[in-house]
1. Return the residue satisfying two criteria in turn: it lies in the range A:76-100 and is β-branched (V, I, T) and within 29 Å of A:F27 (Cβ to Cβ), and of such residues it is surrounded by the most Cβ atoms within 10 Å (Cβ to Cβ).
2. When you go through B:I61, B:I12 one by one, which is the residue that is of a type outside the set (S, T, Y) and closer than 16 Å to A:T31 by Cβ?
3. Could you tell me which numbered condition A:I127 fails, if it satisfies all but one of (1) farther than 18 Å from A:G36 by Cβ; (2) in a loop (DSSP other than H, G, I, E, B)?
4. Restricting the range B:42-64 to residues that are surrounded by 14 or more Cβ atoms within 10 Å (Cβ to Cβ) and in contact with a Lys or Arg (Cβ under 8 Å, 6 or more places away or on another chain), which is nearest to the other protein chains (Cβ to nearest Cβ)?
5. Might you check whether a residue that is within 22 Å of A:S17 (Cβ to Cβ), at pLDDT 90 or above and more than 14 Å from every other protein chain (Cβ to nearest Cβ) occurs anywhere in the range A:35-58?
6. Looking only at the range B:22-41, how many residues end up being facing chain A (nearest Cβ under 10 Å) and farther than 10 Å from A:R24 by Cβ?
7. Taking A:K73, is it under 23 Å from A:I108 (Cα atoms), free of Cβ contacts under 8 Å to residues at least 40 places away in the same chain and either loosely packed, with under 13 Cβ neighbours inside 10 Å or touching a strand residue (DSSP E or B) at 6+ places or on another chain (Cβ under 9 Å) (or both)?
8. Within the range A:90-130, how many residues turn out to be touching a residue at least 40 places away in the same chain (Cβ under 8 Å) and among the charged types (D, E, K, R)?
Amino acid sequence: MNIFQLVGIAVVGAVFSVILRRYRPEFAMFTAMATGIILLTYMLGALDKVFSMVDEMVRNTGVDSKYFVVLIKIIGVSYIAEISGEICRDAGEGAIAAKIEMVGKMFIMLLAMPIIKTFLEVCIDAISML
Amino acid sequence: MEVDLIFRVAGIGIIVAVLNQLLARSGREEQALLTTIAGLIVVLVIIVQQIGELFEMVKSIFNL
């Protein structure tokens, strides 16, 4: 599925959405969501390959993969928050979109907290050794 | 469910829009409203299933 097919799908979805916007705005939103879902499904396929390759590289470098796993989780949370935020913004609900993105940021903070803690401990040890 | 998801949703939307106009013009506002609501429910069910599938895929890839 090369890029031109995906662009074609996006344009077709946009055209249907515009057609429907005048008579049934809610269906226009559904068409936009359907197009988004299809494009994201294809993107996920490609993303899966990228992650497996990067995972392999990280394993070669011998770095502890715990940090890499958290990084992937953070990307996933931001990915979901962004999808739903844009859907809400497309439906005209800017406030809800902002709320969802705030929740996403909070979850990312939650995920990153252990790493920040270990990082600070390393710094403190380094300083105490001076 | 690939590209035909768009055509299915858009088709239902167009049909409901046409039916709505038809019923509204012929004086049956209630039926028009009921048709719109029925179409809305059908599309909502399809879209919610698709979003569920997408989120399952995201969950598996990002191992959330």
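1. Filtering the range A:76-100 down to residues β-branched (V, I, T) leaves A:77, A:80, A:83, A:87, A:96, A:100.
Checking the rest, the ones that are also within 29 Å of A:F27 (Cβ to Cβ) come to A:80, A:83, A:87, A:96, A:100.
On the way: A:I80: 19, A:I83: 19, A:I87: 19, A:I96: 15, A:I100: 21.
Top of the filtered list is A:I100.
2. B:I12 is the lone residue from the list that is of a type outside the set (S, T, Y) and closer than 16 Å to A:T31 by Cβ.
3. That leaves (2) as the condition not met.
4. Among those residues, the one meeting the criterion is B:F62.
5. So far as the range A:35-58 goes, no, none of its residues is within 22 Å of A:S17 (Cβ to Cβ), at pLDDT 90 or above and more than 14 Å from every other protein chain (Cβ to nearest Cβ).
6. Result for the range B:22-41: 0.
7. Values: under 23 Å from A:I108 (Cα atoms): yes; free of Cβ contacts under 8 Å to residues at least 40 places away in the same chain: yes; either loosely packed, with under 13 Cβ neighbours inside 10 Å or touching a strand residue (DSSP E or B) at 6+ places or on another chain (Cβ under 9 Å) (or both): no.
Here the answer is no, as A:K73 does not meet what is asked.
8. Within the range A:90-130, the subset touching a residue at least 40 places away in the same chain (Cβ under 8 Å) is A:90-91, A:111-112, A:114-115.
Subset that is among the charged types (D, E, K, R): A:90.
Within the range A:90-130, residues that are touching a residue at least 40 places away in the same chain (Cβ under 8 Å) and among the charged types (D, E, K, R) number 1.
The values are calculated or read from the model by the stated rules, or taken from the named source; none is laboratory data. Quick caveat, the model's predicted, so the values are computed rather than measured. Ideal geometry is used to build each Cβ from the backbone, glycine not excepted, and the neighbour counts take in all protein chains shown.
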